[in-house]
1. Under 6 Å between Cβ atoms, at least 6 apart or on separate chains: pull out the pairs that start in region 148-172 with a residue that is farther than 11 Å from Gly37 by Cα and end on any residue that is at pLDDT below 70 and part of a strand (DSSP E or B).
2. Do you know which of the residues in region 55-64 that are aliphatic (A, V, I, L, M) and farther than 13 Å from Thr77 by Cα is nearest to the chain's Cα centre (by Cα)?
3. Of the residues Ser68, Ser57, which is assigned to a strand (DSSP E or B), small (Gly, Ala, Ser), open to solvent by less than 20 Å² (accessible area, probe 1.4 Å) and modelled with pLDDT of 85 or more?
4. Regarding region 22-29, can at least one residue be identified that is modelled with pLDDT of 85 or more and in a strand (DSSP E or B)?
5. Does Thr38 satisfy the criteria of being closer than 19 Å to Arg115 by Cα, open to solvent by 40 Å² or more (accessible area, probe 1.4 Å) and touching a residue at least 40 places away in the same chain (Cβ under 8 Å)?
6. Being modelled with pLDDT of 85 or more, surrounded by fewer than 16 Cβ atoms within 10 Å (Cβ to Cβ) and either farther than 12 Å from Ile119 by Cα or within 14 Å of the chain's Cα centre (by Cα) (or both) is the filter here; which residues of region 44-54 pass it?
7. Mind checking which residues of region 55-83 are under 18 Å from Arg115 (Cβ atoms) and polar (S, T, N, Q)?
8. Please find, within region 100-138, the residue that is farthest from the chain's Cα centre (by Cα) out of those that are more than 30 Å from Thr24 (Cβ to Cβ), charged (D, E, K, R) and not in a strand (DSSP E or B).
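The values are calculated or read from the model by the stated rules, or taken from the named source; none is laboratory data. Since we're looking at a predicted model, the values are computed, not measured. All Cβ positions, even for glycine, are placed from backbone atoms using ideal geometry, and neighbour counts span all protein chains on display. In case anyone asks, the SASA skips ligands and DNA or RNA and just uses the protein heavy atoms, side chains included. Shrake-Rupley method; radii C 1.70, N 1.55, O 1.52, S 1.80 Å.
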Amino acid sequence: DVKTSSVADDDVITYSLDLNVADTSPNPEFQAAALTGTDIQLDTGSGATTVNRILVSDAIPADTEFVSVGATPSGWTPVYTTTSADAPIDTTTGGITTDGTTWTTLQPPAADVKRVGFIFDGSIGAGGSVTGLTFDVVTSGLDASTGGIIENIAQVFGKTVGGDPDLVYYEESGDDNPSN
């Protein structure tokens, strides 16, 4: 829903996140396998606990504000965090950080949402795909005369069925050379 003005402060942008689990590996040293969950901190209203889930997440881009999630595919649950807009990657270990990032199934006030995600309890087989993970943001203060650029990278986190139990796999959108 794009409005015409010199300041883009009311345009709604819908992000649609899709997930494809490769059925062949780009590296002959690795065999393609199903994607399964990894440990995350989840608060469902009665306190945070560690759960094992596949997580697809996206930071709310600068100069935008979260509005809402769309209809979610069966088996997927929207989650939110207010603690960090940064990617929850520990660059030392390659795993999800343990810096206190807690995801919640209870939507906080829209202005407080820093990341939105979708979790799945189960596995997605090699060759499987998921579509329909969507959310809306509204622009706030973009200067259309300078281009109004919004940058964004989504990520998926999980583990490989039968793989190293200590190795978290993650992939970022826009990567033409999948590594995990």
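1. Gly148/Ala8; Ile153/Glu172; Gln155/Tyr170; Gln155/Glu172
2. Per the stated criteria, the residue is Ala59.
3. Ser57
4. Scanning region 22-29 turns up no residue that is modelled with pLDDT of 85 or more and in a strand (DSSP E or B).
5. Judged against the criteria, Thr38 is not a match.
6. Answer for region 44-54, where residues must be modelled with pLDDT of 85 or more, surrounded by fewer than 16 Cβ atoms within 10 Å (Cβ to Cβ) and either farther than 12 Å from Ile119 by Cα or within 14 Å of the chain's Cα centre (by Cα) (or both): Thr49, Thr50.
7. Ser57, Thr64, Ser68, Thr72, Thr77, Thr81, Thr82, Thr83
8. Asp112
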